Structure formats: structure tokens, C-alpha cells
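Shown next, in C-alpha cells, is the structure this report addresses.
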Amino acid sequence: MKLQESQLEDERLIQSFQSNNSDAFDKLVQKHTNMVFNLCYRLMGDYDEANDCAQDTFIKVYHNLDRFKFKSNFSTWLYRIAVNTCKNKLSSLSSRVKKKTLRLDNRNDEDFNRLSDIEDSTFNPEEIFEKKEKEGIIRGAINALPPNQKTLIVLRDIEGKSYDEIAKITGYKPGTVKSKLARARQSLRDRLKGVL
Amino acid sequence: MKCHEIKYLLADFIDGDLEPDTQSMIQDHLSACEECREEYAFLQAYKKEIISLPAVAAPANFLTDLHKRLDEPSLAEKIRHTLFFPLKLKLPLEAVGVAVLAAITILIFNPFEMGRQMTFQPESASYDSDIAYYAPEKEKSMKRTEARKESKLSTASKTRLADSRKRGAATGAVIERKTIDKSSGGYAKKDRGKAMPAYGESAPDEIEDRTLSDETIAQDDSLYSSKAIEGERDKESSKRMASKKAAPAAAKNNYAGKGAIAEFEEIKAEPAAPEVYEIVLMLTPETDKFALANKSKSKASYSQKLPHEYYAKNEMKKSDSVDMKQKYIAQKRSGRKLSKESKPMPVSIKKSLAQIKSIAGSLNGRIIKRKFRSGSSTEQYIVLEIPAKNYHILVNRLNSTGSVKKLYRKKPVLRSKQKVNLKINLSY
């Protein structure tokens, strides 16, 4: 129900935007900012890169929203744009150079501080530190995956999307999605031995 | 089910996305297989950790920054604005800039002048030599035209021309009435058609007239003396227009019109003193064997006068060749000059060509090109390069060998490097 209500609200805002109501676009952005931003962050592995990708995603949405024909959910369409934007950026030369120089256990201190802003109920410094340490390792392992596998892991295991939705977002067949996911998890298992 | 199939479905088993039959089958397998149980344990921990990965908050000014980027003009818009706005100021400036660039390009490359220069190139081989040698009257009209044009030269140019004539007369070379023969195969082309009157072809007397004797030089000099020019001017003042039309018209009748017009236009320009000639020697054997008298080492043998005594009206008989050879060798050994009665001895073609090369070398010249007859090792053309002042001496020395039956000469137009065609018939 919640999902359906969310989808109906999206359709209403889009129709309002197509009727030259610019405020509708702002509401759409505010509704989906965190979702898009986190997706970009998990795919890019860097806060500033994630910000750029998220901005680029919404700029593309702004320029193409007039042509949206409601054949699929707006969130699926938005995810697709975000994934492709991040993929293009990852495959660019500068991004590949940056990735090669980044070690698996090397955390970005700014990102670490941003993560610590999230509220945690247990006030145990050692536990908090160990937890963040583990999260960093897991993020590092996910970041080290090839872009296609990383996208599938993020969409399925983190975002909780169905195989059909992932197939629509990535353009793969559902069977291909499953087999690639199994391979990605096997890679993660090899990297996270002893950690989990 | 096998282990790899179970492992493939474990993640969905954890999520509860499988059918009940498949779920129970996997459950039974897990109770029996330790490896699959380990895999199951890992996936459970992995799912738990990955879901608990904290979310990241977007920047607070995300929407503001987004609007800034949306309101920013695109790159094309920026370029358009930079180039054309404000219109009143930028358009005139840009128009001026384009005009200046065009002017600079024209100044540097001079496309119009290049085109004009190319039209000066005559399409066919030398033409004025045909004028000179096909018909005496045409040569006269050429002379009149040249005289008329020379009258228009500045005083300094006339002085320079007179000096060059004096120098030429001293060395035996007439240098101002030469034309460029562009094609080395010019002779071949001309020979195909109606034969042009060869240089000295018809009779020895004509050879005398055409060769560079002192009389000829004196005649030419008189033609270009100041008195002669003035006289010409007076006499031909009424006929200038007719000659002007006749000479290029005659040229046009015989050749491509462009070459003739170009030649006259070139005469307008102040002629530069030539420095080097390219002599193209075309060897046309009448027999398989060539005869070329040995070059005399004595300087006295290279007189300025044409050794016309070597040309006899009666041609040498073949039966005399052996005797003549013996006589010639005897004369050479004695160091005596070749007398009137002595006739060339037959020698091998290689020796003949070696003599030509040695003559050129002795005149500070050099061979720059050779062309061989097809299918043989016998040379057909030799292109020599010699200083202009030694041209007359070269011709004399070639004549003095005694075996040059015919000597063709083309008159080059004044340029820094003129090409002169000499066709040599080496006779037995």
C-alpha cells in the first residue's frame, strides 16, 4: 500500500511538472534525494563523487521529465538513470586512476566522520569502533567488485529490489541477474573470510 | 540436488523467495552437507551486516546546488554569448578580424600572382627557336620586337645589357637571345613532325651563318647597339603595331598561344644575367659506330673560329676510313694541328662520350643526367651543366672534334639557369 501510494504521488507530481509547475520538480527531488544519493555513494565509494553523480542524475531527470510516459515506475526509471550515471563515471579514465590508487582498507576520513553522525543507541566506544571498522571493510570489499557485480549487490542486497526490477534497471535478463549475483557473492565471500 | 545448485539458491532461501517444495529440499540438504551449511552461515552474516550498513545523508544544500547547475547556461550558450554579445560591439570587431586574416593570407600566399606566373610556362617546347630557324622573316620580326622592347628598358638596364654583350663577345657566347627548352625530349617531338630546318642542315654555308662566328656576334652586337636601336625605332615606328600583332600571331600559329605571349611578356622584365646553362646533348647515331676526333691537347686547336674546314662538301667515303684513321693517329702523335684535309677517325662510342665528358669537365661543367636508348647501353641524352660564359667554347670544341655533322641550338629566354638543346649527329 505504501509503495502504491508512493507511486501515485510520483505520478501526480510528474503530471504537475509537465503542466509547467516547477515546484513539482523540487518536491520530487526532495522525496528521492537520500535514496539516489545513497545509491550513488554505495556505487562510487566516495562522498563527493556521489554528490556529483546524484546532481547529474537529477539534471538528466529535469531535462527528460517532459517525455516520461508512465510505462514504468518513476523510482525504477530514476534508479536506472542513477546506475547508468555512476557506471559512466566509474568507467571514465580519471575514476579508474583514482580507484587504482585507493587501498582496500584505506578509509576516507571525511566519509568516516559523516558516518559517525548517524545516531547509534549503544554508547560503547569499543563496540562502535569495531562496528565501523567492519563496515569499512565490507564497503571496501563491495567497492573492489567489478562495476556490474557491485551494481547488482547494491540493488539486491542493500536496496532490496526484486529480480524483475533489477532486470529493468540494468537491462539484464532475470536469469542473468541471478547468476551474476551468485558470482558477486562468491567474490565477497573470498574477500570477507575471517571478517564475517 | 547438488551442492552448486543449492548454493545458487541459498540467498533466495534466506530471503524466503522460493517455493515451499524447494525450501524443504534445501533444508534437508543443509542438514546433511557441512560445506553448504558453512555457505549458509556466511550468507546470513553477510545479509545482516550489509543491511545494517548506515545510510549517508545528502548535503543540506543539495537542492540549491542543483538549481544553480540547472540555471547555468550550457557550453554552447556560453560560447554564443561570448562571441556575439553585445552585438553592436562584437560583430564589427569580428568582421574586421576576419578581413585582416584574409588580407594576411593573401599577402603570404599570393594566389593570384601564382596563377599568373603559371600562365607564363609555355606548353610546348621552345618555340622561338622555330621562329628563328624556320623562317628568316620571322626571325627578323622577332628581332624587331626585341629591339622595340629593349628601347623601353631603363638606362641602367641598357648599360648592364651592353656589358653582358661585351663579356659574351669576349668569350664567344651570345647570351641574351636564348630561350628555355622545357622538355628534354623536345627534339624527339619536333622530329616526328615536319622536320625543322636543322642547324646547318642544308649546306655548310648555312652552318657558317648560324654558328657563333665573330661575324654573327658582330651582327648581333650591331643590332643591339644604341645606334641600331635608334635606327630601328625610327624605321619601325609606323610598323610597330603590325609587328606586334605579327610576332605573337606567328608564334600562336606555330605553337600554343600561351607560350608565345608569355615569351614576349618575359622580355619586358629586366633580364637577369645567366650564370649556368644546362646543355642537353642528344646523340643521334647514323651508323652503329661513332666517330669523334680525339681532343687535341694543344690550346691552339680551340680557336674562336669555327673549324669549318672540317666540314667538306663532299662527304667522307667509308673506304677512306682506314687510311684516315692512320693519318689522324700519326698527326696526333706528332702534335700537329688537324689540317683541312684531315678527317675524323672512327673510334668507339664510349670513347666519343668520354671525350664529350672531358670537354665539359675542362669547362667547369658536369654531367647531371643521362638517358639511355631503350634496350641498349648506349646513351641517347646527356645533360650537361656548364657556366654560361663557357657555352660558346663548348660548342666550338664540339665542332672542332671534326665529327659533328649537325649541331642544333635552341635559344633560351633569359633566366638564372637556361637550358640549351644541342643535337649532335656524330657521323662516321
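Worth pointing out:
- Qualifying residue in the range B:53-61 (condition: among the aliphatic types (A, V, I, L, M), in a helix (DSSP H, G or I) and either within 10 Å of another protein chain (Cβ to nearest Cβ) or under 60 Å from the mean Cα position of the chain (by Cα) (or both)): no
- In this structure, B:Arg80 does satisfy being under 60 Å from the mean Cα position of the chain (by Cα), surrounded by 12 or more Cβ atoms within 10 Å (Cβ to Cβ) and of a type in the set (D, E, K, R).
- Taken together, the residues in the range B:32-46 that are surrounded by fewer than 16 Cβ atoms within 10 Å (Cβ to Cβ) and facing another protein chain (nearest Cβ under 7 Å) amount to 1.
- Complete set of residues in the range A:11-23 that are more than 14 Å from every other protein chain (Cβ to nearest Cβ) and polar (S, T, N, Q): A:Gln15, A:Ser16, A:Gln18, A:Ser19, A:Asn20, A:Asn21
- Residue in the range A:182-196 that is modelled with the highest pLDDT, counting only those that are more than 10 Å from every other protein chain (Cβ to nearest Cβ) and exposed (fewer than 13 other Cβ atoms within 10 Å of the Cβ): A:Asp190
- B:Asp65 being more than 17 Å from A:Ala184 (Cβ to Cβ) and at pLDDT 90 or above: yes
- Boolean, A:Gln30 is open to solvent by 80 Å² or more (accessible area, probe 1.4 Å) and under 17 Å from the mean Cα position of the chain (by Cα): yes
- Residues of the range A:159-181 satisfying the condition of being within 13 Å of chain B (Cβ to nearest Cβ) and basic (Lys, Arg): A:Lys161, A:Lys178, A:Lys180
- Number of positions in the range B:62-71 that are facing chain A (nearest Cβ under 7 Å) and open to solvent by 50 Å² or more (accessible area, probe 1.4 Å): 1
- Checked against the criterion of being on the phi < 0 side of the Ramachandran plot, more than 10 Å from chain B (Cβ to nearest Cβ) and out of contact with any Asp or Glu (no Cβ under 7 Å at 6 or more places or on another chain), the candidates A:Asp26, A:Asp56, A:Asp46 yield just one match: A:Asp46.
- Among (1) open to solvent by less than 60 Å² (accessible area, probe 1.4 Å); (2) more than 8 Å from chain A (Cβ to nearest Cβ); (3) within 26 Å of A:Phe37 (Cβ to Cβ), the one test that B:Gln23 misses: (3)
- Pair list, Cβ under 9 Å, 6 or more apart: the range A:143-169 residue closer than 20 Å to A:Tyr47 by Cβ, other residue among the small types (Gly, Ala, Ser) and in a helix (DSSP H, G or I): A:Ala144/A:Ser187; A:Leu145/A:Ala184; A:Leu145/A:Ser187; A:Pro147/A:Ser91; A:Lys150/A:Ala184; A:Ile153/A:Ala184
The values are calculated or read from the model by the stated rules, or taken from the named source; none is laboratory data. These numbers come from a predicted model, not from an experiment. Here Cβ is always computed from backbone atoms with ideal geometry, including for glycine, and neighbour counts include all displayed protein chains. SASA here: full protein model, heavy atoms, side chains in, ligands and nucleic acids out. Shrake-Rupley method; radii C 1.70, N 1.55, O 1.52, S 1.80 Å.
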